[in-house]
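Below is one structure, written out as structure tokens; the observations come after it.
What follows draws every value from the coordinates through simple rules; no lab data is involved. No experiment lies behind these values; they were computed from the predicted model shown. FYI the Cβ positions are ideal-geometry reconstructions off the backbone, even for glycines, and counts take in every protein chain you see.
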Amino acid sequence: MIKTVGVLGAGQMGNGIAHVFAQYGYVVVLFDIARNQLDKAVAIIGQNLERQAKKGAIPESLIGETLGRIRTTVEMADLADVDFAVEAVTEHEPLKLEIFRKLDSTVKPGSILASNTSSIPITKIAAVTSRPDRVIGMHFMNPVPVMKLVEVIRGHATSDDTFAVTSGLVARLEKEMAVSQDYPGFIVNRILIPMINEAAFALYEGIATAEDIDKGMKLGTNQPMGPLTLADFIGLDTVLAIANVLYDGFKDPKYRPCPLLVKMVNAGYLGRKSGRGFYTY
């Protein structure tokens with residue numbers, strides 16, 4: 001029975017994951033190494049809950065109840081007694097592996113360790129722990145409170161029980177589950193990132209302006225936003241990191257990151273979060 005959930009990382013994804021678990025009645029321990037990031041996360045969760053209440057999606061009474069179920073900490077040791085942990089740190093493989101080594105030695109035996117990774121193989125993450133059967137991928141979409149999908153990825157050693165518990169959690173959060181095999185990029189990013197990368201190539205090769213590339217894909221294929229706008233929203237550093245995971249994982253030149261994307265990341269043009277990407281904000 002899952003009652004307490006640990007969330008590692010209080011960034012955009014982490015605060016969204018903490019939000020939905022707390023909203024649906026789970027006690028949440030939100031961990032980050034930076035106290036100011038934790039404070040910012042709680043403020044954002046409060047704002048998003050108020051937005052939900054104004055739209056009539058939740059009763060106003062749920063705002064205080066939800067926030068009351070979230071405890072923040074800068075000490076990983078405070079995750080020791082959680083029943084289920086979700087890692088949502090930067091999409092950087094060495095960091096994730098180090099986090100899982102520490103998490104494995106911190107969290108009580110038997111608890112499930114999940115990763116919100118969007119591309120890194122779960123089998124590889126699980127292999128650095130003493131409980132590979134209790135490790136699983138639980139990839140939420142951004143923004144977490146709004147998006148209905150959760151990709152669930154079984155590693156090579158993930159047990160049936162771990163999968164059953166995780167799929168049950170997805171249902172209790174009123175999300176939809178898509179199950180993926182454990183290959184780089186899983187389902188969504190296996191398809192999405194090459195599309196964004198190809199849009200970057202179209203710009204790089206002078207086929208069209210960023211505005212016309214996005215207009216073509218929005219109006220021509222009925223996407224809610226164009227691929228370059230979406231890249232800026234995701235963060236070009238994250239897009240490049242996932243593109244590199246695909247390229248390294250499959251060794252197929254069709255996944256080669258666009259040189260323009262690489263150059264922009266090197267220049268610090270990361271999209272919305274830096275104020276400049278394919279567009280200026």
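Looking at the stretch 73-90, which of the residues that are surrounded by fewer than 23 Cβ atoms within 10 Å (Cβ to Cβ) and acidic (D, E) is nearest to G9 (Cα to Cα)?
Once the filter is applied, the top-ranked residue is E75.
Which one of these is surrounded by 17 or more Cβ atoms within 10 Å (Cβ to Cβ), free of Cβ contacts under 8 Å to residues at least 40 places away in the same chain and either polar (S, T, N, Q) or over 25 Å from V239 (Cβ atoms) (or both): I63, I70, I112, I125?
Exactly one of I63, I70, I112, I125 is surrounded by 17 or more Cβ atoms within 10 Å (Cβ to Cβ), free of Cβ contacts under 8 Å to residues at least 40 places away in the same chain and either polar (S, T, N, Q) or over 25 Å from V239 (Cβ atoms) (or both), namely I63.
Residues D160, D133: which one is without any contact (Cβ under 8 Å) to a residue 12 or more places away in the chain, farther than 23 Å from A57 by Cβ and not aliphatic (A, V, I, L, M)?
Only one candidate qualifies: D160.
Only one of these conditions is not met by N244: (1) over 23 Å from the mean Cα position of the chain (by Cα); (2) free of Cβ contacts under 8 Å to residues at least 60 places away in the same chain. Which number is it?
In the conditions (1) over 23 Å from the mean Cα position of the chain (by Cα); (2) free of Cβ contacts under 8 Å to residues at least 60 places away in the same chain, N244 misses (1) alone.
Going through the stretch 192-245 one residue at a time, which ones are in a loop (DSSP other than H, G, I, E, B) and not hydrophobic (A, V, I, L, M, F, W, C)?
Listed by number, the residues that qualify are E205, G206, T209, N222, Q223, P224, G226, G235.
Taking the stretch 79-105, which residues are free of Cβ contacts under 8 Å to residues at least 60 places away in the same chain, in contact with a Ser or Thr (Cβ under 9 Å, 6 or more places away or on another chain) and in a helix (DSSP H, G or I)?
K96, F100, R101, D104, S105
Any residue at all in the stretch 189-204 that is under 15 Å from the mean Cα position of the chain (by Cα), within 28 Å of V262 (Cβ to Cβ) and of a type in the set (F, W, Y)?
Looking through the stretch 189-204, none of the residues is under 15 Å from the mean Cα position of the chain (by Cα), within 28 Å of V262 (Cβ to Cβ) and of a type in the set (F, W, Y).
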